[in-house]
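Trainee: This is the structure I have questions about; it appears just below.
The values are calculated or read from the model by the stated rules, or taken from the named source; none is laboratory data. Treat the numbers as computed from the prediction; the structure is a model and nothing was measured. Reconstructed Cβ throughout: ideal geometry from the backbone, glycine too, with neighbour counts over all protein chains shown. Remember, those area values only see protein heavy atoms, side chains included, never the ligands or the DNA or RNA. Shrake-Rupley method; radii C 1.70, N 1.55, O 1.52, S 1.80 Å.
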Amino acid sequence: MVAEIKSYTVLGVDAVEVTVQVDAGRGLPSVAIVGLPDSAVKESRERVRSALINSGFPFPARKVVINLAPADLKKEGTIYDLPISIGILFSQNIVSGRKLKDYLIAGELGLNGEVRRVKGALACAILAREKGYKGVILPVNNAEEASLISGIEIVPVKTLTETVAFLNGDLTIEPFKREGDFRESKFDIDMADVSGQFHAKRAVEIAAAGGHNLLFFGPPGSGKTMIARRIPTILPLMTEQEIIETTKVYSAAGLLSEGVIDKRPFRSPHHLVSDVAMVGGGSSLKPGEVSLAHNGVLFLDEFPEFKRSVIEALRQPLEDGMVTVSRISGTVSFPARFMFVAAMNPCPCGFYGFEDDVHQCSCSPVQVKRYLSKVSGPILDRIDIHVSLPAVKPDELSKMECGETSASIRERIEKAHAVQRERFKGLKISFNSHMGSTEIRKFCSLSSDAKAILEKAVSTFRLSARGYNRILKLARTIADLEGEEIIKSHHVAEAVSFREVIKIN
Ligand SMILES: Nc1ncnc2c1ncn2[C@@H]1O[C@H](COP(=O)(O)OP(=O)(O)OP(=O)(O)O)[C@@H](O)[C@H]1O
Ligand SMILES: [Mg+2]
């Protein structure tokens, strides 16, 4: 009799159903796996044989054919060890078929029969619920992530023997339920650690409140990296939906060590990162840094050192909140909505425009120009807030005064988010930074003196139409932080202070 075990494969960050068919028929004893399996799946043969024998089960002296259907879908990894073993045992009448149709089953096997974690378990649970399965049988280490999905049974298994006993009804396994909730988000760093730099901290608050992108510009040691790393601490706690979305990405990438992602991610890839590592793709269609930063922060430190192609590739995710990658193996979309933060020095030595008695810039004008021109153009245009960050003064550092804590900044940001949720109800956008000209006209009413200041700024700084809109969006967020409906003159004035600082000519 042909055994049919339901399992899954990961495509992008989602799971697709796969049926594992096992037929043990007459012929010379052998094992063949068909259905576009990759090398990890082929090795499954050896693991399954050892695991079965070491768990005390017989291995059939027959011709075993394992088919992973649908055949045109690429299957990778070690997900099928457990379903294949169960199929082989079913064909020998050792496992009963009663429960098999109710569960999606996945798990890697160790040689002694223990069940090890697999990729994409959360996506598997989502698939099981969509398709109306009773539940999933998964490695115990995957149970917590899968338990984010309610309404189905998560059966955690530790060994092959245990799985067999469960399927035969000889053992009851309590479905996994997560304990407590993940509303507590503890960080061991805090905005209060940063002395001085009020302008930069304010910029970060506004950026977080309105979903604006941010650029820090300043000499070495001024605290750019330090402040950026603390941004996740002032962002609102993740909602359950966000936890599911982000955990799904990490789970599909095989980067989840245990549990779930309930803290906003902070990704800070090295400047030598490749295009594929940044946006995702490659032969196995893996999510890239932009997706690993989903619902968190993507920080590009030493921004001009990144390859131009990498910087350009950020345009799509910055615009759409997702990336689409196409390879021979197919086209998939990954979620990629993040707060973008970049930091850079003004020149190769780091002190151009920020000289003091001790530090003098040693770069030639050509060097400065070449350095700055690496980030010119459309990307700078997509950054709403530009902050010039001079080194913190020694007396401010020595005061060691504690700044405002992240928790108290976060309260204001949460309020501003609530205002925006109300404002954009029924629209496709969620933050002020996403507004187009139509929304700007509708939602950015200015007081008469605010209008006057804006006009003055436009003529003084020769602002382009885009620069003009950018200031309006920022002023909207600043007014929201104060709970004001009408944008006033001081909101516009503050927004103007965050205009572009890099002048390339
Ligand atoms: N405002 C500050 N308050 C307290 N400590 C600070 C401040 N600014 C800098 N520091 C200290 O200096 C160290 C270096 O700062 P940081 O790495 O953030 O500099 P940076 O601006 O990123 O420099 P670079 O341009 O070289 O990357 C920090 O780890 C911190 O200990
Ligand atoms: Mg730095």
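Trainee: Want the number for residue 54 to residue 407: 0.36 nm per residue separation, take away the alpha-carbon distance, what's left?
Mentor: 121.7 nm
Trainee: Using alpha-carbon pairs under 8 Å, 6+ residues apart, how would you state the relative contact order of the chain in percent?
Mentor: Rounded, it is 13 percent for the chain.
Trainee: Determine which residues of the range 33-55 fall in the zone a paramagnetic label at residue 72 would reach in this model, i.e. backbone nitrogen under 14 Å from the point 7 Å along Cα→Cβ.
Mentor: 36, by backbone N distance to the label point.
Trainee: What number comes out for the charge environment of residue 106, summing +1 per Lys or Arg and -1 per Asp or Glu over other residues with Cβ under 12 Å away?
Mentor: +2
Trainee: Same structure again: Is the shape of the chain rounded, prolate or oblate, going by the alpha carbon gyration tensor and its root eigenvalues a ≥ b ≥ c, with a/c under 1.5 for rounded and a/b larger than b/c for prolate?
Mentor: It comes out prolate by the Cα gyration axes.
Trainee: If you don't mind, there's one more thing I want to ask. Rounded, prolate or oblate: pick one for the range 228-303, where a ≥ b ≥ c are the square roots of the eigenvalues of its C-alpha gyration tensor, a/c under 1.5 means rounded, and failing that, prolate if a/b is larger than b/c, else oblate.
Mentor: Verdict is oblate for the range 228-303.
Trainee: How many nm is it between the label spots at residue 168 and residue 239, if each spot is 7 Å from the Cα in line with the beta carbon?
Mentor: Taking the simple label geometry, residue 168 and residue 239 are separated by 4.8 nm.
Trainee: Mind listing which GluC sites (Glu not before Pro) in the range 187-280 are in a DSSP loop and have 14 or fewer other Cβ atoms within 10 Å? Kindly include the intermediate steps, with their values, before the conclusion.
Mentor: Values: sites: 205, 240, 242, 245, 258; in loops: 258.
Those that pass, being in a loop and sparsely packed, are 258.
Trainee: Still on this model: Of the DSSP beta bridges with both residues in the chain, give the percent that are antiparallel, rounding to the nearest 5.
Mentor: If we restrict to bridges inside the chain, about 45 percent are antiparallel.
Trainee: Turning to a different aspect of this structure: Do the alpha carbons of any pairs in 263/415; 75/307; 224/248; 224/374 sit beyond 27 Å of each other, and which pairs?
Mentor: Pairs exceeding the cut-off: 75/307; 224/248.
Trainee: Shifting gears a bit: Which peptide among 460-466, 487-493 comes first, and what is the full order, when sorted by highest mean count of other Cβ atoms within 10 Å?
Mentor: The densest-packed peptide leads the list: 487-493, 460-466.
Trainee: Still on this structure: Check the straight Cα-Cα distances from residue 99 and name the aspartates and glutamates below 18 Å, setting aside those fewer than 8 residues away within the same chain.
Mentor: Of all the aspartates and glutamates, those that pass the test against residue 99 - Cα under 18 Å, at least 8 places apart if same chain - are 4, 17, 153, 162, 170, 174.
Trainee: Extending each Cα 7 Å along its Cβ direction at residue 373 and residue 271, get the distance between those two points in nm, one decimal.
Mentor: 1.8 nm
Trainee: Still on this structure: Given the peptides 468-477, 359-368, 404-413, arrange them by the average over their residues of other C-beta atoms within 10 Å, most packed first.
Mentor: Most protected by this proxy first, the peptides run 468-477, 404-413, 359-368.
Trainee: Using alpha carbon centroids, what distance separates the range 228-278 and the range 428-505, in Å?
Mentor: Centre-to-centre distance over Cα atoms comes out at 31 Å.
Trainee: Would you grab the residues whose amide H sits under 5 Å from the one on residue 105? Only those 5+ places off in sequence or on another chain, please, with H modelled 1.01 Å from N.
Mentor: 6, 7, 137
Trainee: Another question, if that's okay. Take the alpha-carbon centre of the range 31-52, take the same for the range 61-105, and report the distance between them in whole Å.
Mentor: If you average the Cα positions of each part, the centres end up 11 Å apart.
Trainee: Using only DSSP helix segments of four residues or longer, with each worth -39500 (n - 2.57), what per-residue ellipticity at 222 nm results for the chain after dividing by its residue count and rounding to 500?
Mentor: -10000 deg cm²/dmol
Trainee: Using per-residue counts of other Cβ atoms within 10 Å, averaged over each peptide, order 36-46, 102-112 from highest down.
Mentor: The most tightly packed comes first, giving 102-112, 36-46.
Trainee: For the chain, with every protein chain kept in place, what is the accessible area per residue (1.4 Å probe, Å²)?
Mentor: Heavy-atom SASA per residue in the chain reads 45 Å².
Trainee: Give a quick list of GluC sites (Glu not before Pro) in the range 274-374 that DSSP marks as loop, anything other than H, G, I, E or B, with at most 15 other Cβ atoms within 10 Å.
Mentor: 302, 355
Trainee: Now a separate question. Taking the Cα-to-Cβ direction at residue 23 and at residue 427 and moving 7 Å from each Cα, how far apart do the two end points lie in nm?
Mentor: My value for the distance between the label points is 5.9 nm.
Trainee: Okay, moving on. Translational diffusion coefficient of the range 220-261 at 20 °C, 1.002 mPa s, Stokes-Einstein with Kirkwood Rh over Cα pairs, in µm²/s as a whole number.
Mentor: 175 µm²/s
Trainee: Taking a 19 Å limit on the Cα-Cα distance, which of the listed pairs 101/131; 134/286; 451/473; 74/119; 42/101 fall beyond it?
Mentor: Pairs exceeding the cut-off: 134/286; 42/101.
Trainee: Give a residue-ordered list of calculated ³J(HN,Hα) values for the range 340-352 (Karplus: 6.51 cos²θ - 1.76 cosθ + 1.60, θ = phi - 60°; whole Hz; x for Gly, Pro).
Mentor: 9, 10, 10, 9, 8, 8, x, 6, x, 7, x, 10, 4
Trainee: So, R0 is 45 Å and r is the distance between the beta-carbons of residue 42 and residue 333; what FRET efficiency does that work out to, to 0.05?
Mentor: 0.95
Trainee: Okay, next question. Of the trypsin sites (Lys or Arg not before Pro) in the range 152-227, which ones lie in a loop per DSSP and count no more than 16 other C-beta atoms within 10 Å?
Mentor: Those satisfying the criteria are 158, 177, 178, 183, 186.
Trainee: Here's a follow-up. Using a 1.4 Å probe on the protein heavy atoms, what percent of the accessible area of the chain belongs to carbon and sulfur?
Mentor: Ligands and nucleic acids excluded, carbon and sulfur reach 52 percent.
Trainee: Does the range 191-406 come out rounded, prolate or oblate, given a ≥ b ≥ c as the square roots of the eigenvalues of its C-alpha gyration tensor, rounded meaning a/c under 1.5 and, failing that, prolate meaning a/b above b/c?
Mentor: It is oblate, given that a/c is not under 1.5 and a/b is not larger than b/c.
Trainee: What is the sum of charges around residue 289, taking Lys and Arg as +1, Asp and Glu as -1, for the other residues whose C-beta is under 14 Å from the C-beta of residue 289?
Mentor: With Lys, Arg at +1 and Asp, Glu at -1, the neighbours total +2.
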